[in-house]
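See structure below.
No lab work stands behind these numbers, since they all come straight from the coordinates. Since this is a predicted model, take the numbers as computed values, not measurements. Note that each Cβ is placed from the backbone with ideal geometry, even for glycine, and that neighbours are counted across all protein chains shown.
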Amino acid sequence: MSRDHVQSARRPTPAEALGAPTGAPSDAETFSGAETFSAAETAYLELLARDASAEAYEQPLLVARAAGRPPELIAALERARLLALRVRTELEGRRRREAELSALFETAHDLAGLRDVDAVLQAIVQRARSLLGTDVAYLSLNDPARGDTYMRVTEGSVAARFQQLRLGMGEGLGGLVAQTARPYVTDDYFKDDRFQHTLTIDAGVRDEGLVAILGVPLMLGPHVIGVLFAADRRARVFEREQIALLGSFAALAAAAIDGANLLTETRSAMAGLERANEIIKDRSAVIERASDVHDRLAGLVLRGGGVHDVAAAVSQVLGGTVEFTDTADARSLATSRTQGRAVRHGADWIAAVVAGGELLGALVLRGHPGLDPVDQRTLDRAAMVTSLLLLARRSAAEAEQRVRGELLDDLLDARDREPRQLRDRAARLHADLDATHVVLAARLDGPAADAEEEAAARRRLWSAASHLATTRHGLAAARDGGTVLLLPLESEDTATDLARRTARHLGGAVHQPVTVGASGPVTGLAARPDAVAAGYAEGRRCLDALAVLGRVGDGAAAEDFGFLGLLLAGERDVPGFVERTIGPVVAYDARRGTELLRTLDAYFACGMSPARTKDDLHVHVNTVAQRLERVGRLLGEDWQLPARALEIQLALRLNRLGAPAERR
């Protein structure tokens with residue numbers, strides 16, 4: 001192929017496609033608006049595909065402005081840039097979470113095949129430093145014989161004095177972690193007076209140049225055996241997820257040390273006991289069984305298994321029934337959580353599933369009163385893997401909830417009016433914007449002791465609403481101190497049914513009253529996203545009306561409020577109001593050729609006096625009484641009560657006005 005042919009086949013760069021001046025183009029070379037918009041999309045897709053830096057996303061916009069492109073193209077480029085940056089941020093977050101989980105799983109797999117505890121601890125410290133992005137990571141262990149603590153592994157350290165530190169028990173930030181068995185973090189080590197500073201420690205830290213330090217305890221049962229640290233040479237705030245991640249690495253490090261101790265005990269038994277051969281065989285079988293458990297658990301994690309798969313795998317190895325539950329015996333669960341190991345409860349064993357100090361549930365081994373220490377530790381490690389799985393699934397669920405909330409926010413604010421894009425975004429969340437939906441506004445109405453408790457209750461409401469939206473193929477978002485949901489309406493349901501069912505469901509989930517106001521059914525949301533905002537406003541009006549009427553913890557739509565519903569509804573449903581109020585009478589007259597409507601008009605016009613009504617209609621008073629009795633059977637016995645009578649009179653007037661009233 002000639003050089004000319006190669007040049008003619010070259011694809012235009014994103015900048016060229018967007019109109020960068022490359023000479024004086026002819027009329028034939030000028031891109032159409034649609035082609036330029038397509039080029040804008042292609043430009044940002046190419047940036048995403050090659051994982052370009054955030055600064056690179058400004059280039060297409062700068063090029064278009066420099067080329068004097070039309071304002072609508074500039075606006076489209078700006079929207080495309082923001083969307084592309086949002087996708088890039090989400091991809092980076094997912095890659096980071098995948099890297100964290102992969103490192104934890106790799107470390108757990110290393111632990112399953114433990115041969116060299118120093119190598120495993122070094123790998124743990126290296127991975128912790130890499131994932132947290134700190135300058136230094138290190139691990140210290142307690143020395144019971146000398147009554148102090150010493151550096152066991154360091155990564156990223158450059159100061160010899162720091163690497164050789166031996167500290168008295170209770171000194172420094174590590175001493176505070178060891179005393180409380182809780183993570184501690186300092187943004188500025190030398191300005192923090194929560195722990196005991198010593199000349200030796202401060203000199204080592206100063207040599208290393210450390211400023212921000214995070215330390216988490218290494219727990220073996222109820223005892224702190226050391227501390228795992230991550231530190232930076234600049235001020236830094238460690239996030240809660242990073243603290244939990246370092247805590248998971250600390251749990252793996254403690255497990256590695258525990259495994260090494262088991263091997264040491266086994267070797268000592270071989271040298272010191274006459275029955276060493278039998279002990280080795282028994283212990284080897286147990287360790288192989290434990291190793292088998294770790295291999296199975298690692299395989300389950302890599303295949304995307306769940307907590308119940310973990311329970312089933314451990315059941316096979318331990319020869320009992322293991323199940324995951326959140327309703328275990330409270331006292332035993334608290335003991336297991338405090339001691340960091342499985343505890344016996346009658347004929348069962350209970351191992352708390354904890355992540356970052358949060359109790360997520362328990363693994364319970366049923367009907368197995370005898371359990372040797374290694375099997376007990378196997379159950380403990382299964383609980384640890386279960387906590388990792390639950391954390392991973394929670395992260396995925398939270399990510400999906402955020403995406404659902406962002407789509408609903410866009411619909412509420414009518415930011416994205418391109419129907420195809422809205423449908424595509426909804427389809428990825430298994431939602432159908434072309435189906436009939438109801439907009440529901442939910443609000444907590446129970447008393448709150450303080451602002452912190454109120455904020456916690458709102459988070460519970462948001463979580464419950466998000467879960468409901470996910471299971472019902474809808475959307476949910478937090479707004480105006482409450483929650484707004486967009487749920488599909490089943491054919492046999494009404495908006496009122498859905499509102500009441502949602503109020504009961506959310507109230508049961510958060511354990512306090514939740515009031516829900518609903519819009520009327522809305523359709524075609526992809527083509528007219530502003531209908532969601534109108535529906536939300538209608539739901540809020542119904543919510544306020546429920547509060548005024550004292551119906552806290554209930555759910556309702558505008559159709560439930562009679563003629564008041566005409567004021568609450570976003571669209572004045574006059575025919576619907578007339579049908580709900582006097583529809584049976586209208587239908588009866590149409591079928592029988594009677595004059596019940598005319599009699600009702602005359603009856604109210606005559607001040608609800610049968611005697612004056614019969615004169616106005618020129619009929620016998622018995623005829624009036626018979627007609628009114630028929631009206632009572634059609635509308636209910638309470639039709640003459642003041643509230644009902646007012647609604648009926650309004651419906652009669654609107655019925656007389658007919659179609660013109662509806663247009664007004």
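Quick notes on this one:
- With K and R counted +1 and D and E -1, the other residues having a Cβ less than 14 Å from that of residue 596 yield a net charge of +2.
- In nm, spacing of pseudo-spin labels at residue 530 and residue 52 (7 Å Cα→C-beta vector): 3.5 nm
- For segment 316-343 versus segment 480-559, the spacing of their alpha-carbon centroids is 41 Å.
- Rounded if a/c under 1.5, otherwise prolate or oblate - segment 574-663, Cα gyration tensor axes: prolate
- Annotation: amide H-H contacts under 5 Å for residue 165 (H modelled 1.01 Å from N, sequence separation of 5 or more, or interchain): 151.
- Residues whose amide H comes within less than 5 Å of that of residue 436, counting only those at least five positions distant or on another chain, are 489 (H built at 1.01 Å from N in the peptide plane).
- Segment residue 148-residue 358, length gained on full extension (0.36 nm per residue, minus Cα span): 72.6 nm
- Measuring r between the beta carbons of residue 640 and residue 523 and using R0 = 45 Å, the FRET efficiency lands at 0.70.
- Maximal additional length on extending the residue 160-residue 453 stretch stands at 100.6 nm, based on 0.36 nm per residue less the C-alpha distance.
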